[in-house]
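Participant: I'd like to ask some things about the structure below.
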Amino acid sequence: MPSCSVFPVSATGNDMTPVPVHRPALPILATINWPEGTGTPDPATAAALTAAAEKLANGQLVAIPTETVYGLAADAMDPDAVAQIFHAKGRPATNPLIVHVSDESMAQTLVSQWPDIAQKAAAAFWPGPLTLVVPKADAVPDIVTAGGRTVALRCPSLNVTHQLIKLSQRPLAAPSANRSEAVSPTTAHHVLEGLGNRIGMILDNGPCEHGLESTVLDCTVDPPKILRPGPISAEQLAEALGTNVCSSESEPGGAGQGSAADTVLRSPGTQQRHYAPRTQLTLSEDAPSVIPQLIQDGHRVGWLCNSPEDNAVQTLATSPEVLVVPMPNDPAAYARSLYATLHALDQRGLDRLIVDDVPPGPEWAAVRDRLKRAAM
Ligand code: TXA
Ligand code: MG
């Protein structure tokens, strides 16, 4: 940890000897100004990317934007650098990391076998919000895969992320840039709030496009299985792959159960309480009946509400104890705003969050999955 010299005033007020005082250092917050679809970044952005690539090459951590959520990146081939990710997040060593690659050929350097299904999925959805679980090459450090024989690979579509992987000339291990189990960050300020002085640099590219983490597809089983639902749906995968795809909701145990012979394959991050705000969150089919009782019990309530125009909502919204947040009816828009809403409400000192249940359709699978885990 860096230190700085200050002149402390002693109890007697006359001891002016400089002594080193250890202060937590704040990360460099570098603004990225590189709209998608434009050729090259401006000079300040190019310099920030070069500095970030240097830090990564030196074994340091950098928080990076992606099209899904912000990630906490380190050189995937450097076990000491990867160990810092686990440390900064407080992540159990049993939960493997996703490795980000610039293209399919970099992916193939990290695998012992590139299954047909992975090849088809990469051709259809890379670069993009799809992570493929495949057999790992020996060169991938065990710490990345939590000792497992598979590795999760993703090729992000965001120009900034792509450029950073190319500049640093190495695959980047990057879980979401939050403390373990907490809500993933969709802005640089969320990263700052959650990890602050635990990291050296954050690249600030504004809010993420999707706002929910990538779909994770296990390509080592037949049929391939979704371990974590995300922006790429089971239907889209089935159509592109020309095969049945096991969706995480189609089995009684849900995501991550019995996906393959390797125990680590069970995507631990999809089994536990996860994506949870600090404020206790409850999913409700009938919030207008639940909330009055909570108010009566002296609670201050935040309500993620799907039908703000209802009379019952209008009545409850007049209570100073209730903060109503109207949520979008479109699943992609809901996904984009969910984590930002949870981060914001966590700052309000509320006692409870009540979230209206979302509709049952497959287009809501990813949102439903995150809400269920946040409510555990
Ligand atoms: O969108 C995303 O995927 C973001 C951005 C930063 O790319 N990353 C992300 O990483 O969400 P993380 O670590 O928060 O979630 C990775 C998930 C976890 O549930 C983990 O258990 C699972 O992927 N996973 C990683 N490696 C795996 C493997 N070899 N087999 C099965 N599941 C794996
Ligand atoms: Mg995560």
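Participant: Return the residue satisfying two criteria in turn: it lies in region 41-73 and is away from ligand 1 (no atom under 16 Å from the Cβ) and touching a Phe, Trp or Tyr at 6+ places or on another chain (Cβ under 8 Å), and of such residues it is farthest from Val144 (Cα to Cα). Quick ask: steps written out before the conclusion?
Facilitator: Residues of region 41-73 away from ligand 1 (no atom under 16 Å from the Cβ): 41-51, 53-55, 57-60.
Filter again for touching a Phe, Trp or Tyr at 6+ places or on another chain (Cβ under 8 Å), leaving 41-42, 45.
Working: Pro41: 31, Asp42: 34, Thr45: 29 Å.
Out of the qualifying residues, it is Asp42.
Participant: Please identify the pairs in which a residue from region 89-104 that is within 20 Å of His190 (Cα to Cα) and acidic (Asp, Glu) has its Cβ atom under 6 Å from the Cβ atom of a residue that is more than 9 Å from ligand 1 (Cβ to nearest atom) and open to solvent by 10 Å² or more (accessible area, probe 1.4 Å), counting only partners at least 6 apart or on another chain.
Facilitator: If the second residue must be more than 9 Å from ligand 1 (Cβ to nearest atom) and open to solvent by 10 Å² or more (accessible area, probe 1.4 Å), no pairs are left.
Participant: Here is a further query. Would you tally the residues in region 326-336 being open to solvent by less than 30 Å² (accessible area, probe 1.4 Å) and farther than 14 Å from His210 by Cβ?
Facilitator: Matching residues across region 326-336 total 1.
Participant: Any residue that is under 18 Å from Leu342 (Cβ atoms), within 16 Å of ligand 2 (Cβ to nearest atom) and of a type in the set (A, V, I, L, M, F, W, C) - is there at least one of those in region 156-179?
Facilitator: yes
Participant: Is there any pair with a first residue in region 162-180 that is in a strand (DSSP E or B) and a second that is within 12 Å of ligand 1 (Cβ to nearest atom) and among the polar types (S, T, N, Q) whose Cβ atoms are under 6 Å apart and which are 6 or more apart or on different chains, and what are they?
Facilitator: As it stands, the answer is Ser176/Ser184, since those pairs meet every condition given.
Participant: Quick check: is even one residue across region 105-121 more than 13 Å from ligand 1 (Cβ to nearest atom), closer than 26 Å to Leu241 by Cα, in contact with a Phe, Trp or Tyr (Cβ under 6 Å, 6 or more places away or on another chain) and open to solvent by 30 Å² or more (accessible area, probe 1.4 Å)?
Facilitator: yes
Participant: Still on this structure, I have one more. What's the number of the only condition in (1) surrounded by fewer than 20 Cβ atoms within 10 Å (Cβ to Cβ); (2) away from ligand 1 (no atom under 11 Å from the Cβ) that His190 fails to meet?
Facilitator: With (1) surrounded by fewer than 20 Cβ atoms within 10 Å (Cβ to Cβ); (2) away from ligand 1 (no atom under 11 Å from the Cβ) applied to His190, the lone miss is (1).
Participant: Does region 142-153 contain at least one residue that is open to solvent by 20 Å² or more (accessible area, probe 1.4 Å) and away from ligand 1 (no atom under 11 Å from the Cβ)?
Facilitator: Within region 142-153 (the criterion being open to solvent by 20 Å² or more (accessible area, probe 1.4 Å) and away from ligand 1 (no atom under 11 Å from the Cβ)), the answer is yes, since at least one residue qualifies.
The values are calculated or read from the model by the stated rules, or taken from the named source; none is laboratory data. Only a predicted model underlies this, so the values are computations on that prediction, with no experimental measurement involved. Backbone-built Cβ (ideal geometry, glycine too); neighbour counts: all protein chains shown. Accessible surface is based on the protein model in full, side chains and every heavy atom, while ligands, DNA and RNA are left aside. Shrake-Rupley method; radii C 1.70, N 1.55, O 1.52, S 1.80 Å.
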